[in-house]
1. Scan the range 135-151 residue by residue and report those that are away from ligand 2 (no atom under 16 Å from the Cβ) and farther than 27 Å from LEU100 by Cα.
2. Could you tell me whether the range 86-94 includes any residue that is at pLDDT below 95, assigned to a strand (DSSP E or B) and surrounded by 14 or more Cβ atoms within 10 Å (Cβ to Cβ)?
3. Is there any pair with a first residue in the range 20-35 that is small (Gly, Ala, Ser) and a second that is in a helix (DSSP H, G or I) and away from ligand 2 (no atom under 15 Å from the Cβ) whose Cβ atoms are under 6 Å apart and which are 6 or more apart or on different chains, and what are they?
4. Kindly establish whether GLY16 is within 10 Å of ligand 1 (Cβ to nearest atom), part of a strand (DSSP E or B), of a type in the set (Gly, Ala, Ser) and modelled with pLDDT of 95 or more.
5. Looking at SER169, SER177, which one is touching an Asp or Glu at 6+ places or on another chain (Cβ under 6 Å), within 12 Å of ligand 1 (Cβ to nearest atom) and closer than 21 Å to MET15 by Cα?
6. Of the conditions (1) more than 16 Å from ligand 2 (Cβ to nearest atom); (2) closer than 22 Å to ALA30 by Cα; (3) without any contact (Cβ under 8 Å) to a residue 40 or more places away in the chain, ILE97 satisfies every one except a single condition; which number is it?
7. Looking at this structure, is VAL194 modelled with pLDDT of 95 or more and touching a Pro at 6+ places or on another chain (Cβ under 7 Å)?
8. Within the range 101-145, count every residue that is closer than 22 Å to THR18 by Cβ and part of a loop (DSSP other than H, G, I, E, B).
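The values are calculated or read from the model by the stated rules, or taken from the named source; none is laboratory data. Quantities reported herein were computed from a predicted structural model and do not represent experimental measurements. Using ideal geometry, Cβ is built from the backbone for each residue, glycine included, and neighbour counts are taken over all protein chains shown.
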Amino acid sequence: MNNKDRKITHRYGIMGGTFDPIHLGHLFVAETALYNLNLDKVIFIPTGNPPHKNSKDITIAHHRLIMTAVAINSNPKFELSNIEVMRRGQSYTADTIKQLLMQYGENIELYFITGTDAFMEMSTWKDCAYLFRTMKTVVATRLGYDDESFNEKVHFFNKKYNASIINMSIPILEISSSDIRERIRQKLSIKYLVTEGVEKYIKKHHLYVKNINESL
Ligand code: ATP
Ligand code: MG
(Lines give C-alpha, C1' and ligand atoms only; values in the text may rest on other atoms or scores of the structure.)
(Ligands and ions follow the chains in the order given, each with its own letter.)
Protein backbone atom coordinates (compact mmCIF):
# COMPACT_ATOMS: atom_id res chain seq x y z
CA MET A 1 0.00 0.00 0.00
CA ASN A 2 1.28 3.47 -0.89
CA ASN A 3 1.99 5.76 2.03
CA LYS A 4 -0.44 8.31 0.62
CA ASP A 5 -3.25 5.70 0.52
CA ARG A 6 -2.84 4.91 4.20
CA LYS A 7 -5.53 6.22 6.47
CA ILE A 8 -3.98 6.42 9.94
CA THR A 9 -6.44 5.25 12.56
CA HIS A 10 -4.12 4.66 15.52
CA ARG A 11 -0.79 5.93 16.77
CA TYR A 12 1.26 3.59 18.93
CA GLY A 13 4.48 4.28 20.78
CA ILE A 14 7.08 1.52 20.87
CA MET A 15 9.40 1.50 23.86
CA GLY A 16 12.09 -1.13 23.37
CA GLY A 17 14.78 -1.85 25.90
CA THR A 18 16.65 -4.45 27.86
CA PHE A 19 14.77 -3.22 30.95
CA ASP A 20 17.29 -4.85 33.25
CA PRO A 21 15.62 -3.54 35.37
CA ILE A 22 12.92 -1.15 34.10
CA HIS A 23 13.21 2.19 35.96
CA LEU A 24 11.42 5.51 36.34
CA GLY A 25 13.44 7.02 33.47
CA HIS A 26 11.85 4.54 31.04
CA LEU A 27 8.37 5.16 32.43
CA PHE A 28 8.68 8.93 32.37
CA VAL A 29 9.96 8.98 28.79
CA ALA A 30 7.04 6.77 27.67
CA GLU A 31 4.52 8.90 29.56
CA THR A 32 5.89 12.11 28.03
CA ALA A 33 5.68 10.65 24.51
CA LEU A 34 2.14 9.39 25.16
CA TYR A 35 0.89 12.87 26.05
CA ASN A 36 3.11 15.08 23.86
CA LEU A 37 2.34 13.09 20.73
CA ASN A 38 -1.21 12.14 21.60
CA LEU A 39 -0.55 8.42 21.22
CA ASP A 40 -3.22 5.77 21.82
CA LYS A 41 -0.84 3.61 23.83
CA VAL A 42 2.80 2.76 24.39
CA ILE A 43 3.91 -0.85 23.91
CA PHE A 44 6.87 -1.92 26.04
CA ILE A 45 8.96 -4.57 24.32
CA PRO A 46 11.74 -6.13 26.41
CA THR A 47 14.51 -7.48 24.19
CA GLY A 48 15.32 -11.16 23.91
CA ASN A 49 19.02 -11.27 23.01
CA PRO A 50 20.00 -7.73 22.09
CA PRO A 51 22.78 -7.76 19.45
CA HIS A 52 24.67 -4.86 21.05
CA LYS A 53 24.86 -6.38 24.52
CA ASN A 54 26.54 -9.58 25.63
CA SER A 55 23.64 -11.90 26.45
CA LYS A 56 25.63 -13.51 29.29
CA ASP A 57 25.52 -10.15 31.09
CA ILE A 58 21.75 -9.87 30.90
CA THR A 59 19.17 -11.17 33.34
CA ILE A 60 16.96 -13.91 31.91
CA ALA A 61 14.04 -12.63 29.88
CA HIS A 62 11.46 -14.11 32.26
CA HIS A 63 12.49 -11.75 35.09
CA ARG A 64 12.78 -8.71 32.82
CA LEU A 65 9.37 -9.41 31.34
CA ILE A 66 7.70 -9.73 34.74
CA MET A 67 9.39 -6.61 36.13
CA THR A 68 8.14 -4.68 33.09
CA ALA A 69 4.61 -6.03 33.60
CA VAL A 70 4.73 -5.02 37.27
CA ALA A 71 6.06 -1.52 36.49
CA ILE A 72 3.43 -0.64 33.87
CA ASN A 73 0.50 -2.39 35.52
CA SER A 74 -1.17 0.75 36.87
CA ASN A 75 -1.20 2.59 33.53
CA PRO A 76 -4.04 1.50 31.20
CA LYS A 77 -2.25 3.08 28.22
CA PHE A 78 0.92 1.08 28.73
CA GLU A 79 1.02 -2.42 27.26
CA LEU A 80 3.55 -5.25 27.41
CA SER A 81 4.62 -7.29 24.40
CA ASN A 82 6.66 -10.48 24.57
CA ILE A 83 7.31 -10.69 20.82
CA GLU A 84 11.07 -10.17 21.09
CA VAL A 85 11.45 -12.50 24.03
CA MET A 86 9.52 -15.24 22.20
CA ARG A 87 11.53 -14.91 19.01
CA ARG A 88 14.56 -17.15 18.72
CA GLY A 89 18.00 -15.71 18.03
CA GLN A 90 19.09 -12.09 18.16
CA SER A 91 16.54 -9.34 18.81
CA TYR A 92 16.40 -6.95 15.88
CA THR A 93 14.05 -3.97 15.97
CA ALA A 94 13.42 -4.30 12.22
CA ASP A 95 11.96 -7.80 12.72
CA THR A 96 9.79 -6.47 15.55
CA ILE A 97 8.44 -3.61 13.47
CA LYS A 98 7.64 -5.99 10.58
CA GLN A 99 5.79 -8.28 12.98
CA LEU A 100 3.83 -5.39 14.54
CA LEU A 101 2.80 -4.01 11.16
CA MET A 102 1.59 -7.48 10.13
CA GLN A 103 -0.31 -7.82 13.39
CA TYR A 104 -1.94 -4.37 13.38
CA GLY A 105 -2.28 -3.67 9.65
CA GLU A 106 -1.01 -0.72 7.66
CA ASN A 107 -3.22 1.93 9.17
CA ILE A 108 -1.30 2.43 12.36
CA GLU A 109 1.55 4.84 12.76
CA LEU A 110 4.44 3.64 14.91
CA TYR A 111 6.48 6.02 17.05
CA PHE A 112 9.71 4.44 18.16
CA ILE A 113 10.73 6.01 21.47
CA THR A 114 14.39 6.06 22.36
CA GLY A 115 16.99 7.94 24.39
CA THR A 116 19.82 9.89 22.74
CA ASP A 117 22.38 7.12 23.39
CA ALA A 118 20.47 4.48 21.43
CA PHE A 119 19.47 6.98 18.72
CA MET A 120 23.10 7.91 18.00
CA GLU A 121 23.81 4.24 17.25
CA MET A 122 20.86 3.61 14.95
CA SER A 123 22.89 3.61 11.73
CA THR A 124 24.45 0.34 12.93
CA TRP A 125 21.04 -1.33 13.36
CA LYS A 126 19.85 -4.03 10.97
CA ASP A 127 17.71 -2.61 8.11
CA CYS A 128 17.85 0.91 9.47
CA ALA A 129 16.61 2.32 6.13
CA TYR A 130 13.48 0.19 6.56
CA LEU A 131 13.10 1.37 10.16
CA PHE A 132 13.28 5.05 9.27
CA ARG A 133 10.86 4.51 6.38
CA THR A 134 8.22 2.73 8.43
CA MET A 135 8.25 4.51 11.78
CA LYS A 136 8.75 7.90 13.30
CA THR A 137 11.61 8.16 15.78
CA VAL A 138 11.13 10.02 19.03
CA VAL A 139 14.35 10.93 20.82
CA ALA A 140 14.33 11.78 24.52
CA THR A 141 17.19 13.78 25.98
CA ARG A 142 19.89 11.88 27.83
CA LEU A 143 23.12 13.26 29.21
CA GLY A 144 26.38 12.90 27.36
CA TYR A 145 25.51 14.26 23.91
CA ASP A 146 25.92 17.86 22.83
CA ASP A 147 23.45 19.59 20.55
CA GLU A 148 25.93 19.75 17.71
CA SER A 149 26.59 16.00 17.43
CA PHE A 150 22.89 15.28 17.92
CA ASN A 151 21.86 17.74 15.18
CA GLU A 152 24.49 16.32 12.85
CA LYS A 153 23.04 12.86 13.34
CA VAL A 154 19.49 14.09 12.74
CA HIS A 155 20.63 15.82 9.55
CA PHE A 156 22.43 12.67 8.37
CA PHE A 157 19.40 10.42 8.97
CA ASN A 158 17.07 12.96 7.34
CA LYS A 159 19.23 13.24 4.26
CA LYS A 160 20.14 9.59 3.86
CA TYR A 161 16.86 7.95 4.86
CA ASN A 162 14.29 10.72 4.70
CA ALA A 163 13.73 9.94 8.40
CA SER A 164 11.07 11.56 10.52
CA ILE A 165 12.73 12.39 13.83
CA ILE A 166 11.04 14.11 16.74
CA ASN A 167 13.29 15.70 19.32
CA MET A 168 11.48 15.26 22.63
CA SER A 169 13.14 17.41 25.22
CA ILE A 170 12.57 16.11 28.76
CA PRO A 171 14.06 17.06 32.11
CA ILE A 172 17.25 15.01 32.34
CA LEU A 173 16.69 12.01 34.59
CA GLU A 174 20.07 10.43 34.79
CA ILE A 175 18.75 7.08 35.94
CA SER A 176 20.14 4.01 34.22
CA SER A 177 19.71 0.29 34.71
CA SER A 178 23.48 -0.16 34.95
CA ASP A 179 23.63 2.34 37.79
CA ILE A 180 20.75 0.57 39.57
CA ARG A 181 22.49 -2.81 39.22
CA GLU A 182 25.69 -1.29 40.60
CA ARG A 183 23.80 0.29 43.51
CA ILE A 184 22.35 -3.10 44.43
CA ARG A 185 25.79 -4.70 44.36
CA GLN A 186 26.99 -1.95 46.68
CA LYS A 187 23.94 -2.42 48.94
CA LEU A 188 22.70 1.14 48.27
CA SER A 189 19.04 2.06 48.14
CA ILE A 190 17.17 1.95 44.82
CA LYS A 191 13.94 3.31 46.30
CA TYR A 192 12.41 6.02 44.05
CA LEU A 193 14.53 4.91 41.10
CA VAL A 194 12.24 1.97 40.31
CA THR A 195 8.59 1.38 41.22
CA GLU A 196 7.82 -0.24 44.55
CA GLY A 197 6.66 -3.43 42.85
CA VAL A 198 9.89 -3.72 40.88
CA GLU A 199 11.95 -3.09 44.01
CA LYS A 200 10.09 -5.89 45.81
CA TYR A 201 10.50 -8.25 42.86
CA ILE A 202 14.26 -7.58 42.73
CA LYS A 203 14.59 -8.26 46.47
CA LYS A 204 12.45 -11.39 46.38
CA HIS A 205 14.48 -12.94 43.56
CA HIS A 206 17.87 -11.65 44.77
CA LEU A 207 18.54 -10.06 41.41
CA TYR A 208 21.73 -8.11 40.71
CA VAL A 209 23.34 -9.03 44.00
CA LYS A 210 26.30 -10.50 42.14
CA ASN A 211 27.73 -9.92 38.70
CA ILE A 212 25.99 -12.48 36.50
CA ASN A 213 29.38 -13.75 35.35
CA GLU A 214 30.47 -14.29 38.95
CA SER A 215 27.45 -16.46 39.69
CA LEU A 216 27.98 -18.72 36.64
P1 ATP B 1 21.67 0.06 30.70
O2 ATP B 1 22.36 0.99 31.64
O3 ATP B 1 21.67 -1.37 31.12
O4 ATP B 1 22.08 0.25 29.25
P5 ATP B 1 19.37 1.79 30.37
O6 ATP B 1 19.00 2.55 31.58
O7 ATP B 1 20.14 2.52 29.29
O8 ATP B 1 20.11 0.45 30.77
P9 ATP B 1 17.87 0.39 28.37
O10 ATP B 1 16.95 -0.75 28.64
O11 ATP B 1 19.21 0.12 27.76
O12 ATP B 1 18.05 1.19 29.76
O13 ATP B 1 17.14 1.53 27.52
C14 ATP B 1 15.95 1.38 26.79
C15 ATP B 1 15.65 2.72 26.13
O16 ATP B 1 15.33 3.71 27.12
C17 ATP B 1 16.83 3.31 25.33
O18 ATP B 1 16.33 3.93 24.17
C19 ATP B 1 17.41 4.33 26.29
O20 ATP B 1 18.10 5.36 25.62
C21 ATP B 1 16.16 4.85 26.98
N22 ATP B 1 16.43 5.36 28.32
C23 ATP B 1 16.81 4.66 29.41
N24 ATP B 1 16.96 5.43 30.50
C25 ATP B 1 16.65 6.70 30.11
C26 ATP B 1 16.62 7.97 30.78
N27 ATP B 1 16.96 8.09 32.07
N28 ATP B 1 16.25 9.06 30.06
C29 ATP B 1 15.95 8.94 28.72
N30 ATP B 1 15.94 7.77 28.03
C31 ATP B 1 16.30 6.65 28.71
MG1 MG C 1 21.09 1.43 27.70
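1. ASP146, ASP147, GLU148, SER149, PHE150, ASN151, listed by residue number.
2. Yes, that holds for at least one residue.
3. No pair meets every condition.
4. Values: within 10 Å of ligand 1 (Cβ to nearest atom): yes; part of a strand (DSSP E or B): yes; of a type in the set (Gly, Ala, Ser): yes; modelled with pLDDT of 95 or more: yes.
Yes; evaluated as a whole, the condition is true for this residue.
5. SER177
6. Only one criterion in (1) more than 16 Å from ligand 2 (Cβ to nearest atom); (2) closer than 22 Å to ALA30 by Cα; (3) without any contact (Cβ under 8 Å) to a residue 40 or more places away in the chain is unmet by ILE97, namely (3).
7. Values: modelled with pLDDT of 95 or more: yes; touching a Pro at 6+ places or on another chain (Cβ under 7 Å): yes.
For VAL194, the condition - modelled with pLDDT of 95 or more and touching a Pro at 6+ places or on another chain (Cβ under 7 Å) - is met.
8. Adding up the residues that qualify gives 9.
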